[in-house]
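Student: I'd like to ask some things about the structure below.
The values are calculated or read from the model by the stated rules, or taken from the named source; none is laboratory data. These numbers come from a predicted model, not from an experiment. When we count neighbours, we look across all protein chains shown, and the Cβ atoms used for this are built from the backbone with ideal geometry, even at glycine. Each accessible area value is taken on the protein alone, full model and side chains, heavy atoms only, with ligands, DNA and RNA left out. Shrake-Rupley method; radii C 1.70, N 1.55, O 1.52, S 1.80 Å.
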Amino acid sequence: MKEYVIAIVGATGAVGQKMTELLAESSLPIKNVKFLASSRSAGKKITFKNQEYIIDELVPDSFKGVDIALFSAGGSISEKFAPEAVKRGAVVIDNTSAFRMTKDVPLVVPEVNEAALKTHQGIIANPNCSTIQMMVALEPIRRQFGLNRIIVSTYQAVSGAGAQAVREMENQAIAQLTDSQIPIPEILPCGGDKKHYQLAFNVLPQIDVFSDQGYTFEEWKMINETKKIMSDDTIKISATCVRVPVVTGHSESIYIEIDQEDVNTASIKSILEQAPGVTLQDDPNTQLYPQPLDCVDLPDVFVGRIRKDIDEVKGFHLWVVSDNLIKGAAWNSIQIAESLHRLDLAAVPENDGRRH
């Protein structure tokens with residue numbers, strides 16, 4: 001059996017640490033692991049399968065002998081080093097937005113479009129965390145009943161904005177609860193924008209900076225990535241992305257319109273009960289529905305509050321929750337690596353012209 005040398009780029013970050021944990025539990029046959037990070041973290045130690053490894057500084061030649069490189073160190077790092085990894089024969093699974101909308105880069109959620117991996121030219125993109133969980137929940141419905149419209153409102157955890165954002169919110173909460181002066185916000189809703197606001201005991205209807213037509217980049221990501229993953233430019237989709245004072249676990253209120261008229265709620269539930277990567281939690285009589293607190297460190301996408309729209313015969317509402325650091329990032333990347341192994345695709349195509 002083929003065994004792989006795996007590299008984790010951004011090993012000290014929140015997603016990189018989750019990748020390390022999940023890689024140790026995965027079915028991927030591993031020969032060796034290289035942990036890569038910036039010069040600031042080089043020399044530190046990391047534990048993997050009860051062994052200590054030294055973190056190396058990320059340089060182009062770090063990828064010599066690497067089969068699969070998992071990237072989660074920011075878009076600029078991916079743009080610079082992912083092509084270098086491919087040149088040295090590594091298949092890159094990138095968790096940033098750097099290559100998601102690049103034409104020849106497959107954007108993959110294994111439960112949804114695993115076959116797209118067959119077209120990779122050395123780089124595979126991991127979708128946005130909010131897009132991933134929505135796709136896992138909606139694709140089984142689309143396959144069975146068709147799907148022509150999606151309206152989604154997200155309730156996104158602060159961990160999606162990074163560890164500093166989590167600390168900022170926690171410090172705000174402590175100050176408010178102790179009647180202390182609340183620290184001046186410096187990060188949220190978006191570190192790159194002009195104004196910053198308190199998130200503790202608040203919600204912020206802005207994730208990333210504003211772009212065309214009054215939508216934020218996060219909202220455009222969900223719109224464009226959905227069309228690419230589903231290979232359907234005709235699907236109607238609109239998104240409103242909101243940051244909420246939850247540490248881990250994104251939630252989504254989703255309205256969909258399917259193609260068929262004679263579908264009931266029980267049929268939707270039946271499809272989702274059998275869907276890979278989905279856990280159905282839906283019983284209004286016992287107040288059973290997905291909650292962020294219950295999804296932490298779990299790989300599934302949790303779906304509940306499924307109900308038919310009152311006015312639109314083809315319309316349905318769903319509530320979808322998932323751990324944004326697990327299925328929304330690290331676990332989806334590991335799943336892609338496992339798929340590459342199973343499909344015998346864990347190599348840069350020889351005719352790509354970039355391998356030497």
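Student: Going Cα to Cα from LYS34, which lysines come in below 23 Å? Please leave out same-chain ones fewer than 8 positions away.
Tutor: Answer for LYS34, where 23 Å is the Cα cut-off: LYS2, LYS18, LYS44, LYS45, LYS49, LYS64, LYS80, LYS87, LYS327, listed by chain and number.
Student: How much accessible surface area, in Å² rounded to 10, belongs to the heavy atoms of PHE316 with a 1.4 Å probe?
Tutor: Accessible area of PHE316: about 0 Å².
Student: Separate question: Using a probe of 1.4 angstrom, how much of the accessible area of the stretch 1-83 is carbon and sulfur, in percent?
Tutor: Of the solvent-accessible surface of the stretch 1-83, carbon and sulfur hold 45 percent.
Student: Now for a separate question. What's the carbon and sulfur percent of the stretch 131-322's accessible surface, probe 1.4 angstrom, rounded to a whole number?
Tutor: Here carbon and sulfur together make up 49 percent of the probe-accessible area.
Student: Could you work out the local net charge near PHE210, counting Lys and Arg as +1, Asp and Glu as -1, over the other residues with Cβ closer than 15 Å to its Cβ?
Tutor: So the surrounding residues net to -1.
Student: Run the 1.4 Å probe and let me know the accessible area of TYR197, rounded to the nearest 10 Å².
Tutor: Roll a 1.4 Å probe over it and TYR197 shows about 100 Å².
Student: Taking N as the number of residues in the chain, what is its Cα Rg relative to 2.2 N^0.38 Å?
Tutor: 1.01
Student: Just to make sure I understand: if all protein chains stay in place, what is the order of GLU79, GLU186 by accessible area at 1.4 Å, largest first?
Tutor: Solvent-accessible surface, decreasing: GLU186, GLU79.
Student: Send over a whole-number figure in Å² for the accessible area per residue of the chain, probe 1.4 Å.
Tutor: 46
Student: May I pose another question? For the stretch 131-322, what is the convex hull volume of the alpha-carbon atoms per residue, in Å³?
Tutor: Roughly 138 Å³ of hull volume per residue.
Student: Hey, got the dipole for the chain? About the Cα centre, +1 on K and R Cβ, -1 on D and E Cβ, debye to the nearest 20?
Tutor: Dipole about the Cα centre, nearest 20: 860 debye.
Student: Provide LEU293, LEU280, LEU58 ordered by accessible surface of protein heavy atoms (probe 1.4 Å), highest first.
Tutor: LEU293, LEU280, LEU58
Student: Just add up the charged neighbours of GLY304: K/R +1, D/E -1, any other residue whose Cβ is under 13 Å from the Cβ of GLY304.
Tutor: So the surrounding residues net to -3.
Student: What accessible area, in Å² to the nearest ten, does a 1.4 Å probe give for TRP319?
Tutor: Result for TRP319: roughly 60 Å² accessible.
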